[in-house]
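The values are calculated or read from the model by the stated rules, or taken from the named source; none is laboratory data. What you are looking at is a predicted structure, and each value in this text was computed from that prediction instead of being measured. Quick reminder, even Gly has a Cβ in these numbers, built from the backbone with ideal geometry, and neighbours come from all protein chains shown. Quick note on the areas: whole protein, heavy atoms, side chains included, nothing else; ligands and nucleic acids left out. Shrake-Rupley method; radii C 1.70, N 1.55, O 1.52, S 1.80 Å.
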Amino acid sequence: MSNLPENSFFESLKAEDLSGVAYKNHLLKKKVLNYFSNFGNSTIQDLSKALNISTPKMGQIILELTENGVVQDYGKVDSSVGRRPNQYGLNASSAFFVGIEVKKEYINLGLTDFKNQLLKFLPHIPYNLDNTEEALDELCKIINQQIDKFNVPKSKIIGIGINLSGRINYKTGYSYSYFNFSENPLSKVFRTKTGFPTFLENDSRAMAFGEFKGGGIVKEEKNVLFINVGYGIGMGIMINGELVYGKSGFSGEIGHIPLFENEIICHCGKKGCLETEASGRALISKFYKKLQEGSQSTLSHRIKSENDLKLNDIINAALNDDVLAIELIDEIGKKLGRGISALLHLYNPELVIIGGSLAKTGDYLFLPIKMAINKYSLSLVSNDSKIVLSELGEKAGALGACQLVRKRLLQSE
Ligand SMILES: [Zn+2]
């Protein structure tokens, strides 16, 4: 079923049947590719030093990788100190990755090359996320249609990353919140239906990875939290520069921390979760309740039931100065800030990034969050943490998905 040529370099990276010297070479190739990916172009001499491999051996590895087409000779770099050896680096067009972020009412799709450059970003492709087999088929249909339109050979697309909300075990490829219909892991189902190796990831973690590795907002920081505020609330955690998964990939479920004494049943079945007071879902039900009580909004005239209210409507209303929308976003921002102050005490992060759909409302959400953090956290602790709004915005998820596929492919353990 795979679109990949059987003998392609990337198929060989799986190295299922390798042993002895061949296996060692294979690991070394991955290390070299990772080095290029982390530090950019390099000479054979510098690579030998960095990876502690003899220069002739490294020369041989680079020769093979160049013949495979994944590494490119970038020529000599001008220097005032005389003759300089050639620089080598990744060949951007040797491989491509597709990243898909599945949201409730649309999908965002991205395409990156082997150097992690985002070549295409297609936001808001209409899609209705239901937990049904039909919705799964529809999703695969859209993915296939979009890939057909890309101007890159299918044989060079070496993996798809798909972000879904809820519980995902990325190692086994099982999704427990959406599309759990088959005995096979969902990643395998996607592979069968699309023909491409597929990797699943929790949406918040993939967005976080996009921010950590490609946003420009994370510089030297190694301990970063990314808060995804959309219909629900999720979190991606980076500790010492590495994503945190927990035992089965379920870490970061801050939305379901029971922070409030209320009688609101969360969609997870419990009550008092942070999501019942501070998420997009909470915003929608508060907004509808206010309309029923007689509050006026620019949306009043077309809302007959709570189902008519979409998160984006309220976000857009706030951006168009709708007072009810602004007041309620302020209210959920304060509650979210209370939740985040708990996180500051737990993690002592250097940076906290506020992202997800609701971050589009900018200061309407951001200022109450900051106020609540000041109110609820020890200043000695909160002074350590810079709180910022996402700069990548909607691109974070699709970009992170692409980057995670590449990372998994190049992993050497
Ligand atoms: Zn819950």
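Would you point out the residue of the range 119-168, among those that are in contact (Cβ under 8 Å) with a residue 40 or more places away in the chain and of a type in the set (Ser, Thr, Tyr), that is surrounded by the most Cβ atoms within 10 Å (Cβ to Cβ)?
165
When you look at residue 226, is it aromatic (Phe, Trp, Tyr), part of a loop (DSSP other than H, G, I, E, B) and within 22 Å of residue 342 (Cα to Cα), yes or no?
no
Select, from 284, 314, the only residue that is open to solvent by less than 40 Å² (accessible area, probe 1.4 Å), within 16 Å of the ligand (Cβ to nearest atom) and under 27 Å from residue 128 (Cα atoms).
Criteria check complete, one pass: 284.
Search the range 212-232 for residues that are in contact (Cβ under 8 Å) with a residue 40 or more places away in the chain and pair each with any residue that is open to solvent by less than 20 Å² (accessible area, probe 1.4 Å) and acidic (Asp, Glu) when their beta-carbon atoms are under 7 Å apart and the residues are at least 6 apart or on different chains.
Short answer, once both residue conditions are applied: 217/211; 218/211; 226/211; 232/275.
Given the condition at pLDDT below 95, of a type outside the set (Lys, Arg) and part of a strand (DSSP E or B), answer yes or no: does some residue in the range 63-70 qualify?
no
Kindly establish whether residue 313 is part of a helix (DSSP H, G or I), without any contact (Cβ under 8 Å) to a residue 24 or more places away in the chain and not hydrophobic (A, V, I, L, M, F, W, C).
On the way: part of a helix (DSSP H, G or I): yes; without any contact (Cβ under 8 Å) to a residue 24 or more places away in the chain: yes; not hydrophobic (A, V, I, L, M, F, W, C): yes.
Yes; evaluated as a whole, the condition is true for this residue.
List every residue pair whose Cβ atoms sit under 9 Å apart, with the two residues 6 or more apart in sequence or on different chains, where the first one lies in the range 53-73 and is among the basic types (Lys, Arg) and the second, anywhere, is at pLDDT below 95 and open to solvent by less than 60 Å² (accessible area, probe 1.4 Å).
Partner pairs satisfying both residue conditions: 57/28.
Taking the conditions exactly as written (assigned by TED's automatic domain parsing to the domain that holds residue 196, modelled with pLDDT of 95 or more, buried (at least 18 other Cβ atoms within 10 Å of the Cβ) and in contact with a helix residue (DSSP H, G or I) (Cβ under 8 Å, 6 or more places away or on another chain)), does residue 109 satisfy them or not? Let's see the steps before the verdict.
Values: assigned by TED's automatic domain parsing to the domain that holds residue 196: yes; modelled with pLDDT of 95 or more: yes; buried (at least 18 other Cβ atoms within 10 Å of the Cβ): yes; in contact with a helix residue (DSSP H, G or I) (Cβ under 8 Å, 6 or more places away or on another chain): yes.
Here the answer is yes, as residue 109 does meet what is asked.
Residues to consider are 260, 250; find the one that is at pLDDT below 95 and either surrounded by fewer than 17 Cβ atoms within 10 Å (Cβ to Cβ) or part of a strand (DSSP E or B) (or both).
The unique qualifying residue is 250.
Taking the range 266-276 as the region of interest, how many residues are more than 6 Å from the ligand (Cβ to nearest atom), open to solvent by 10 Å² or more (accessible area, probe 1.4 Å) and not charged (D, E, K, R)?
3
What pairs come up if the first residue lies in the range 252-271 and is among the charged types (D, E, K, R), the second is open to solvent by 50 Å² or more (accessible area, probe 1.4 Å) and within 10 Å of the ligand (Cβ to nearest atom), and their beta carbons are under 7 Å apart, counting only those six or more places apart or on different chains?
263/271; 270/258; 271/264; 271/265
Given the conditions (1) open to solvent by less than 50 Å² (accessible area, probe 1.4 Å); (2) touching a strand residue (DSSP E or B) at 6+ places or on another chain (Cβ under 7 Å), report the number of the one that residue 103 does not fulfil.
Among (1) open to solvent by less than 50 Å² (accessible area, probe 1.4 Å); (2) touching a strand residue (DSSP E or B) at 6+ places or on another chain (Cβ under 7 Å), the lone unmet condition for residue 103 is (2).
Consider the range 228-240. How many of its residues are away from the ligand (no atom under 16 Å from the Cβ) and in contact with a strand residue (DSSP E or B) (Cβ under 9 Å, 6 or more places away or on another chain)?
Step one: filter the range 228-240 for residues away from the ligand (no atom under 16 Å from the Cβ), giving 236-240.
Imposing the further condition that a residue be in contact with a strand residue (DSSP E or B) (Cβ under 9 Å, 6 or more places away or on another chain) reduces the set to 236-239.
Residues in the range 228-240 being away from the ligand (no atom under 16 Å from the Cβ) and in contact with a strand residue (DSSP E or B) (Cβ under 9 Å, 6 or more places away or on another chain): 4 in total.
So, residue 327, is that one over 25 Å from residue 205 (Cα atoms), more than 14 Å from the ligand (Cβ to nearest atom), outside any loop (DSSP other than H, G, I, E, B) and open to solvent by 50 Å² or more (accessible area, probe 1.4 Å) or not?
yes
Go through the range 137-162 and give me each residue that's touching a strand residue (DSSP E or B) at 6+ places or on another chain (Cβ under 6 Å) and not hydrophobic (A, V, I, L, M, F, W, C).
Across the range 137-162, the qualifying residues are 146, 156, 159, 161.
Select, from 279, 251, 300, the only residue that is within 28 Å of residue 323 (Cβ to Cβ), within 16 Å of the ligand (Cβ to nearest atom) and among the polar types (S, T, N, Q).
The match here is 279.
When residues of the range 353-386 are filtered for being touching a helix residue (DSSP H, G or I) at 6+ places or on another chain (Cβ under 6 Å), free of Cβ contacts under 8 Å to residues at least 60 places away in the same chain and not in a helix (DSSP H, G or I), how many remain?
The total comes to 2.
Any idea which of (1) surrounded by 15 or more Cβ atoms within 10 Å (Cβ to Cβ); (2) among the charged types (D, E, K, R); (3) modelled with pLDDT of 95 or more is the one residue 49 doesn't satisfy?
Failed condition: (1).
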